[in-house]
Amino acid sequence: MRKYILFFCLLQCYVNAIAQTNSDWAIASYKNGSIYLGQKLSERDGLIKLRLPTSDTITVNRFTGATIYDSNNAVVFSDGKFFLTKGYFWSTNFGFSVNRGETAHLDLLFGQHINPKLDLAIGFGSEFNESRVAGFSFDSQVITLFGYGRYYITSMKPRVFAFAKLGYGFAADESTEGIPREHFGGINAKYGLGVQFASRNKSKFQLTLGHYFQKTSGQESFLDLIGNEIETEFDILIKRLVVTFGWDF
Amino acid sequence: MRNSRHFIYAVMGTCLLFFTQCTEDSGTVEVHYQEATAIYGDMDDIRNKELIAPVREIINPGKLYIGERFILVGEEGEGIHVVDNTNRKSPSASIFIQLPGNREFIVEDHILYAESYYDVVKIDIRNPSQPILLARAENAIQDQFKDSQGKTLIGFNYTDKSVVLNQDDDFYKEIVGDQLVYLDFAENIIPNSAVPSSFAGNSSSQSGTVNRLAKTKGHLYLISHSNMIVIPDNDNFSSQSNQIRNIQEGMETIFPHGDHLFVGSRTSMSIYDLQNEMRPILITEFDHASSCDPVLPHEDVAYVTLRTADFSDCPGNINALLVIDVTDVRDARLLEEIAMASPYGMSIINEDLYVGEGENGLKIYDISNRKKPILKEQHDIEAYDVIVDPTNKNVVFIAGPNGLSQFLVDDEASVFDLQSQLSY
């Protein structure tokens, strides 16, 4: 049921977005805290003419300290919110499963806005998954290294994107209380859809729903109720729906 | 715009459908376990077996007892070998005492007390080559489990099994089901000792640190996993007057000391008061890390070894010798914790504490100050238990992987001169 609610939330975001349009707006942000938002009328030799919402016209110099967000490096909306489309970014995300046992994912990415439609990044993370197979519960923890790509389907204020990541999860388990266990990692992947919300600063909040995979294998011993040892050798593909929330900055 | 909207709706709907179809973890689990098959027999036939049988080979040695001129070696589940040790350089087996189902025994004042399935027997071994059955307390340990034909459960055959299971199988539901696959008969009366059976022995000539059977104040005490059985040792030695009480979980060893019983479990050392011998009362419990832990009380201290290892009966990562002050038994206090490699049985000989460290050798501590053991000697002898000869403090028996060795030891415990080895 939760996944349907999430689906409709995403749809609602999209419908809101579709109703909005952006035009050639630009933002001039000065180090002293002054911010000017206006429609870009022209640009010559770095001098940008902006018509402010008050209908006044100002000229800002791209090379004298102001940070300019315009169609060259951003998608700017009439209310001053924007997305970056050029440059580098960091992103941190926290995820949890909506349909299977305990799951907690945390990752950190460093990436580049390749163009208004595409971001590419590399990242690492720490992921914990509990999976139940054949009546046994296996806890696995992996450190992941991965490549990541994000394609923006829309360019509205909450913009919808498809994403995918592919990498390797290195087992990071330790024996606990002397119960012997040996875990091996494997391929780590996720793909799905997300929505990112425009803001008036460089930090962007985003929500994603992804289909997650992690291959794991190994040996683990269990003790039954009276302390007898049961040895298992497992080979599992962990699959689940993962909701992630995170920030680009 | 409208077409674009429909396209995105379609993409998202398709993704959602796909997501919901394929989110079950998948894979296989190969499970290795022991399957137990019940063995039933006739207890009357078992009880009527001849006590003395011809000498046989030692195959699966269990408990050990060192007598004045003889050695008793338990044959797990079968009986007890009597070995003539008159000539220390060449001990030789003399008879075999048939006690089916036996694993635990102790000797006190020339009387052998031993369990045999559901019974406890009392055997006079003043002449070890001519033992005489004095009494049998039938069903003293537990009422018999019987099958529909009236036969008695006398044990299990264990078979190693492997099975490959898929995601939707359930090992506990489908393979184990309602069977008590791992439960030994009689609620684990004498489960496999935490010490490997071939090494489990008495740690002194009187009583051991790895025993489940003890005798003190005219009563016999036997611990199971969770029960303590008390049998008064009087002329009427029978199950009529025994007491079975569920007192605590996970009991492993019992050791009498003065008016108290020291009980070692995997997580604690407990002291029971014996003012009323039939009803031991718990007076204090000293918790420690989960481990296999023989207890050896000595005057106002108790030495406890904690042993753990991966893939063992005692999983964990703590190996230590604890020195516990029991001057006030109601307020046991840890005095010292000495790091060890893999401590097994202990024994006190003169002013020295011998600790068998298995394949990590033998350590000898000076305990002239009982509360502060000081490492005195370390020998490269694989030792799982150490037992002193009751008639000669300079003769030490060491249970190793290949048998029981007799050493002549100097007063400083620095020279170990091998006299003989009883191989098994």
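Table for the structure above
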read-out: Region B:337-379: mean projected area of Cα convex hull, nm²; value: 2.8
read-out: Cα coordinate range in region B:334-424, projected on the principal axes (Å, largest first); value: 39, 26, 19
read-out: Average other protein chain Cβ within 10 Å of Cβ, residues A:236-245; value: 3
read-out: Under-5 Å amide H pairs with residue B:344, H placed in peptide plane, nonlocal only; value: B:356, B:357, B:358
read-out: Likely footprinting exposure, A:195, B:164, fewest C-beta neighbours within 10 Å first; value: B:164, A:195
read-out: Out-of-range pairs (alpha-carbon distance over 28 Å; input B:49/B:393; A:86/A:157; A:31/A:165; A:40/A:204); value: B:49/B:393; A:31/A:165
read-out: Vicinal HN-Hα couplings computed from phi for region B:412-424 (Karplus, 6.51 cos²θ - 1.76 cosθ + 1.60; Hz; Gly/Pro x); value: 8, 6, 9, 10, 10, 9, 5, 9, 6, 9, 8, 7, 7
read-out: Amide H contacts of residue B:268 (H built 1.01 Å from N, under 5 Å, at least 5 apart or other chain); value: B:288
read-out: Ascending count of other beta-carbon atoms within 10 Å, so fewest first, for B:75, A:43, A:182; value: A:182, A:43, B:75
read-out: 18 Å Cα-Cα reach of residue B:173 towards aspartates and glutamates, excluding residues that sit fewer than 8 places from it in its own chain; value: A:224, A:229, A:231, B:30, B:35
read-out: Packing-based order for B:335-348, B:39-52, B:121-134, B:88-101, using average beta carbon neighbours within 10 Å, highest first; value: B:335-348, B:88-101, B:121-134, B:39-52
read-out: Leading residue at positive end of dipole, chain A (Cβ point charges), from A:160, A:217, A:91; value: A:160
read-out: Share of Cα-Cα pairs in region A:106-244 lying beyond 21 Å, as whole percent; value: 49
read-out: Share of pairwise Cα separations in chain A, more than 33 Å, in percent; value: 35
read-out: Folded to 0 to 90 degrees: helix A:2-18 orientation relative to chain A principal axis, Cα; value: 10
read-out: Sorted by Cβ density within 10 Å, fewest first, the residues A:159, B:307; value: A:159, B:307
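Every number in this text was worked out from the coordinates using simple rules, so none of it is lab data. For clarity, every value in this text was computed on a predicted model and none was experimentally measured. Cβ sites come from the backbone with ideal geometry, for glycine too, and all protein chains shown count toward neighbours.
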